[in-house]
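Each reported figure results from applying straightforward, stated rules to the coordinates on display, with no laboratory input. On a predicted model such as this, the values are computed, not experimentally measured, just so you know. With ideal geometry, Cβ positions are generated from the backbone for all residues, glycine too; neighbour counts draw on all protein chains shown.
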Amino acid sequence: MALISDELFESTKKSCSGEYANPTNSHCAKYLDVVDEVTKDINGENILEPYCRTDSPRPGEIHSSTIGKGLYYEEVPLLISGLPSDCRASAYVLPGMWANNDTVQDALGIRKGTVDVWKRCRHDLPYTHDIQSTVPYHFNVTNKGFAALIYSGDHDMLGAGHTAPEYKPKECLAMITRWLSGAPL
């Protein structure tokens, strides 16, 4: 997608030998730092949309940092202004504001102390990322005669998996409908 120069791409590819998660040498680490620097202001979930921050310039409105970076909201008032309407991530703030509001929790019958803070995404769950490749799992399914549809996009730098149906629901529905009916994709 031309987010980095061809020279940086080739240098990084050559020095890292396919090991981008855990650099095996200082050259690889240096190039990956440069890649991170030149892409830091790009929306990793959809490179075609703006990179949005939810920080408010007015203290006390939003106690968080960047949506999608694993940081969350605490003590946010239920009624708020200043969320950028052109940013899809603004809608992600609202469930946290609602679910963490004392009045809402009382109305839902949630006992004090049951949940510290409700989070939209839990990045602190205690599990091990030990699956290096899903290919053997796909072979297991297809070798038993089941059909599998694997799609991949080029606008999601995180490989998040939920982005296409969230951002392009009509297109994804059309794709899965054609696939399930046996029509060409």
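Overview of values
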quantity: Ranked packing of 113-121, 146-154, 91-99, most packed first, by mean Cβ within 10 Å; calculated: 91-99, 113-121, 146-154
quantity: Lysines whose Cα lies under 25 Å from that of residue 30, excluding same-chain neighbours fewer than 8 positions away; calculated: 13, 14, 40, 69
quantity: P(r) histogram, all alpha-carbon pairs of the range 135-181 included - 5 Å bins from 0, percent; calculated: 5, 17, 22, 20, 21, 12, 2
quantity: Estimated FRET transfer efficiency (residue 178, residue 26; beta-carbon r; R0 41 Å; 0.05); calculated: 0.25
quantity: 3J(HN,Hα) from dihedral phi, the range 127-141, Karplus parametrisation 6.51/-1.76/1.60, rounded to Hz, x for glycine, proline; calculated: 9, 9, 7, 10, 9, 7, 8, 9, 4, x, 5, 5, 4, 4, 6
quantity: Extended-chain gain in nm, criterion 0.36 nm per residue less alpha-carbon gap, residue 127 and residue 154; calculated: 6.9 nm
